[in-house]
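Here is the structure we will look at, set down as structure tokens.
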Amino acid sequence: MSTSAGKTKDKESQESGVRGFIFLFFFLGFFVFLIIGWIVFPGLLYSKKKQPIDFNHALHNELVSDGCESCHYFREDGSFSGAPKLAQCIDCHEEVQGEDPEEAKFVEEYVAKEQEVPWLIYSRQPDCVYFSHAAHVKMAEMECSVCHGPIGESEHLKVYEKNRISGYSRDIWGKNIAGMKKNTWDRMKMDDCSECHVRESVRQESVQTEKGPCFVCHK
Amino acid sequence: MKEEHKHKKTRRYGMVIDLDKCTGCGACMVACMAENNVPFREDETDKLLSLTWLRIYRLTNGKPFPETDICYLPRPCMHCEGHHGHSPCVSVCPATVTDYDWETGIVSQIYTRCFGCRYCMAACPYHARYFNWWDPVWPEGMKQYLNPNVSVRMRGVVEKCSFCFPRYQVASEKAHAEGRRELEEEEYQTACTQACPAGAITFGDLNNPKHAVYKLKKSPNAFRLLEKLGTNPKVYYISSREWVRRAGDNYLEHEFKEQKV
């Protein structure tokens, strides 16, 4: 009797040991793949590129009179100029003025050679998206920072992260891989546009959705 | 919602095409393809496979020589309003690709949402919708000529005339920069309207008494295609010839009533 009881005990301890291993492997695998999915993969998904010149927004903002619109201006037909062209910089930067090596690089490589700076645009949207700066800045009187963040106060340009699959900038999807956002400028996806459009009831005239018609933001 | 729209001032962009002026030259078709980045193929002999947002049809009265008469009929998308904005294609789309906008009265098509079921093509009684069987292939150097305001389509999606909606966006942007919300008649015109050498096409807001189309659509010679279906299209045709007006629908002998001038 005693021997058989010992055997069953042995069996039980063996079984619990096996169960322990299964749990261990399950959680080990679970956490390994969680880390791969949430930390390693997002890192691999984006290729990192530096801007050709490390532009100092804060420094320039102090010197200009008209804020952001001094360089990022509206054209006569209402369209928005976006990133400045060389012609706008050349008035001041015909020759090196300061001691910043980035400025020297800019004058030598671009101004002297009369070549446009290939700026990487953080907020480039897909081809099917229509966005009018005039409607938002002029009509709705929105601040630039609502969508672009406090970029005007930055001293360095951040690294441009390009999605290897879609080719779009990370600023469109947002930094947070779970899709959480704290600030209005954290993301630039369709939901973020429509969130504000619904709240401000911008042309809620669609038959299909009873919200904004598709052609407000698409082309 | 429906009640609300009745009280709101809405625009209904539409077209009046004078078939007596149309010579069938095809300038509108060319202008449309250039404006809207419509792809074409080397071999365009099979018209079932080609894309033509605006297409000219040739009508004949079917009579022998002395009475023979022909009429050319340009056919864009009719931008049907249907009843309460339920145009045939909008009602059937399972993916909310196509939509009716109360503010402009334009039936939109969002190519990136479309998955190519072509239900809308079956629903459209005017054959105004086209399917991209291939990715567009542009002849060398032609990519530089594409209109940047119009997104190009990919294989597997349906496309159609948008009444040159990107032109409305561009005109609105200019108006917004000047602090206006209303557009003038000449600020938003379609490419086909401007290209027509005979001035047969008139475009504007059908609800606005100041626009030319408002008056033209009330002409006793005005008719719409397949009026009986109740699609409530926003493209009107004008012809002084009775057989042309009769050709606008499949009328039975006793059905077609001549309007008194």
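The values are calculated or read from the model by the stated rules, or taken from the named source; none is laboratory data. This structure is a prediction, so every number in the text was calculated from the model and none was measured. Here Cβ is always computed from backbone atoms with ideal geometry, including for glycine, and neighbour counts include all displayed protein chains. For the accessible areas, the whole protein counts, side chains as well, though only heavy atoms, and no ligand, DNA or RNA atoms are used. Shrake-Rupley method; radii C 1.70, N 1.55, O 1.52, S 1.80 Å.
Identify which of B:VAL16, B:VAL38, B:VAL97 has the largest mean-square fluctuation in a Gaussian network model of chain B, with springs joining Cα atoms closer than 10 Å.
Evaluated over chain B, the most mobile residue of the options is B:VAL97.
Rounded to the nearest 20 Debye, what is the dipole magnitude of segment B:1-156 about its Cα centre when Lys and Arg each give +1 and Asp and Glu each give -1 at the C-beta? Show your work: numbers first, answer last.
Values: 19 positive and 17 negative charges, 74 e Å.
Taking the Cα centre of segment B:1-156 as origin, the dipole is about 360 debye.
Sorting A:TYR168, B:TYR130 by accessible area (1.4 Å probe), largest first, what list results? Provide the component values of the computation, followed by the final result.
Numbers: A:TYR168 90, B:TYR130 20 Å².
Accessible-area ranking of A:TYR168, B:TYR130, largest first: A:TYR168, B:TYR130.
Would you pull out the residues with amide H under 5 Å of A:LEU157's amide H, same chain only if 5 or more places away, H placed 1.01 Å from N?
Amide H neighbours of A:LEU157, under 5 Å, 5+ apart: A:PHE55.
Heavy atoms only, probe 1.4 Å: what % of the accessible area of the protein assembly as shown goes to carbon and sulfur, would you let me know?
Answer for the protein assembly as shown is 57 percent, counting heavy atoms of protein chains only.
What do you reckon, how do B:TYR214, B:TYR236 stack up by accessible area (1.4 Å probe), largest on top? Write out the running numbers ahead of the final one.
On the way: B:TYR214 65, B:TYR236 30 Å².
Per-residue accessible area, sorted high to low, gives B:TYR214, B:TYR236.
Could you tell me which of rounded, prolate or oblate describes the protein assembly as shown, using a ≥ b ≥ c as the square roots of the eigenvalues of the alpha-carbon gyration tensor, with rounded for a/c under 1.5 and, failing that, prolate when a/b is larger than b/c and oblate otherwise? List each step's numbers first, then the result.
Values: a/c = 2.37, a/b = 1.45, b/c = 1.64.
Oblate, since a/c reaches 1.5 and b/c is not below a/b.
Give the cysteines in chain B for which no other Cys Cβ lies under 4.7 Å away, or write none if there are none.
When partners are defined as cysteine Cβ atoms under 4.7 Å apart, chain B leaves B:CYS22, B:CYS25, B:CYS32, B:CYS71, B:CYS80, B:CYS93, B:CYS114, B:CYS117, B:CYS124, B:CYS164, B:CYS196 without one.
In whole Hz, what ³J(HN,Hα) sequence does segment B:140-154 give by Karplus (6.51, -1.76, 1.60; θ = phi - 60°), x for Gly and Pro?
So the J values, rounded to whole Hz, are 3, x, 6, 4, 5, 8, 5, 6, x, 7, 10, 6, 7, 9, 10.
So how exposed is B:ILE70, as accessible area in Å² (1.4 Å probe, rounded to 10)?
Counting only protein heavy atoms, the figure is 60 Å².
Label segment B:58-145 by shape, choosing from rounded, prolate and oblate, from the square roots a ≥ b ≥ c of the eigenvalues of the Cα gyration tensor; if a/c is under 1.5 it is rounded, and otherwise prolate applies when a/b is larger than b/c, oblate when it is not. Walk me through the intermediate numbers first.
Working: a/c = 2.30, a/b = 1.31, b/c = 1.76.
Here segment B:58-145 falls in the oblate category.
Could you please state, rounded to a whole Å, how far the C-alpha centre of segment B:87-161 is from the C-alpha centre of segment A:56-75?
Computed from Cα coordinates, the inter-centre distance equals 40 Å.
Would you mind getting me the FRET efficiency between B:ASN61 and A:GLU200? Use the beta-carbon distance for r and R0 = 60 Å, nearest 0.05. Working shown, then result.
Details: r = 56 Å, r/R0 = 0.93.
With R0 = 60 Å, the Cβ-Cβ based efficiency is 0.60.
Just A:ASP171, A:ASP54, A:ASP127 to compare: in a GNM of chain A, with alpha carbon springs under 10 Å, which one fluctuates most?
Ranking A:ASP171, A:ASP54, A:ASP127 by mean-square fluctuation puts A:ASP127 first.
Per-residue Cβ counts within 10 Å, from other chains only, averaged over B:91-98: what number is that? Show your work: numbers first, answer last.
Details: counts 2, 0, 1, 0, 1, 4, 2, 3.
If you average over the peptide's residues, the count of other-chain Cβ atoms is 2.
In segment B:189-205, whose amide N lies under 14 Å from the spot 7 Å out along Cα-to-Cβ of B:ASN147? List them in ranges.
Taking a point 7 Å out along Cα→Cβ of B:ASN147, the residues of segment B:189-205 whose backbone N falls under 14 Å are B:189-196.
So for chain B, averaging the separation of alpha carbon pairs under 8 Å that are six or more residues apart and normalising by length, what relative contact order in percent results? Intermediate results must be reported in sequence, preceding the final value.
Numbers: 453 pairs, mean separation 71.0, N = 261.
Averaging sequence separation for qualifying contacts and normalising by length gives 27 percent for chain B.
How do A:ARG164, A:ARG203 stack up against each other in accessible area, from largest to smallest, with a 1.4 angstrom probe?
Details: A:ARG164 150, A:ARG203 50 Å².
The ranking, largest first, comes out as A:ARG164, A:ARG203.
Once the Cα atoms of helix A:2-35 and of chain A are each reduced to a long axis, what angle between those two axes, in degrees from 0 to 90 to the nearest 10, is obtained?
10 degrees
Using the heavy atoms of the protein chains and a 1.4 angstrom probe, tell me the accessible area per residue for segment B:4-260 in square angstrom. Working shown, then result.
Details: 12930 Å² over 257 residues.
Ligands and nucleic acids excluded, the result is 50 Å² per residue.
Sorted by packing (mean other beta-carbon atoms within 10 Å per residue), highest first, where do B:225-232, A:28-35 land?
On the way: B:225-232: 15.2, A:28-35: 10.6.
In decreasing order of mean packing, B:225-232, A:28-35 become B:225-232, A:28-35.
Taking only Cα atoms, what is the 0 to 90° angle, nearest 10, from helix A:190-199's long axis to the longest principal axis of chain A?
70 degrees
Report the B-A buried area as the accessible area lost on both sides summed, probe 1.4 Å, in Å² to the nearest 100. Show your work: numbers first, answer last.
Values: alone 14720 and 16610 Å², together 28540 Å².
Rounded to the nearest hundred, the buried surface is 2800 Å².
Over 22 Å between C-alpha atoms is what I'm after, so list which of B:LYS210/B:LYS234; A:LYS158/A:LYS181; A:LYS211/B:LYS174 land there. Don't skip to the answer; put the middle values down first.
Working: B:LYS210/B:LYS234 17 Å; A:LYS158/A:LYS181 19 Å; A:LYS211/B:LYS174 25 Å.
Violating the 22 Å limit, Cα to Cα: A:LYS211/B:LYS174.
Among A:TYR46, A:ILE36, A:ILE90, whose Cα sits farthest toward the positive end of the charge dipole of chain A (+1 at Cβ of Lys/Arg, -1 at Cβ of Asp/Glu, about the Cα centre)?
A:ILE36
Kindly write out, for segment B:174-183 in residue order, the coupling ³J(HN,Hα) from the Karplus curve 6.51 cos²θ - 1.76 cosθ + 1.60 (θ = phi - 60°), rounded to whole Hz, with x marking Gly and Pro.
The phi angles translate into 5, 4, 4, 5, 8, x, 9, 10, 8, 9 Hz.
I want to check the label-to-label distance for A:GLU143 and B:ALA27. Put each point 7 Å from Cα in the C-beta direction and report it in nm to one decimal.
5.3 nm
So if I place +1 on the C-beta of Lys and Arg and -1 on the C-beta of Asp and Glu, and nothing else carries charge, what would the dipole magnitude of chain B be about its Cα centre? I want it in debye, nearest 20. Please report the intermediate quantities before stating the final value.
Details: 36 positive and 32 negative charges, 104 e Å.
With only Lys, Arg, Asp and Glu charged at Cβ, the dipole is about 500 debye.
Which of rounded, prolate, oblate describes segment A:1-153, given a ≥ b ≥ c as roots of the alpha-carbon gyration tensor eigenvalues and a/c under 1.5 marking rounded, otherwise prolate only if a/b is larger than b/c? Before the final figure, lay out the partial values.
On the way: a/c = 4.62, a/b = 2.93, b/c = 1.58.
Prolate, since a/c reaches 1.5 and a/b exceeds b/c.
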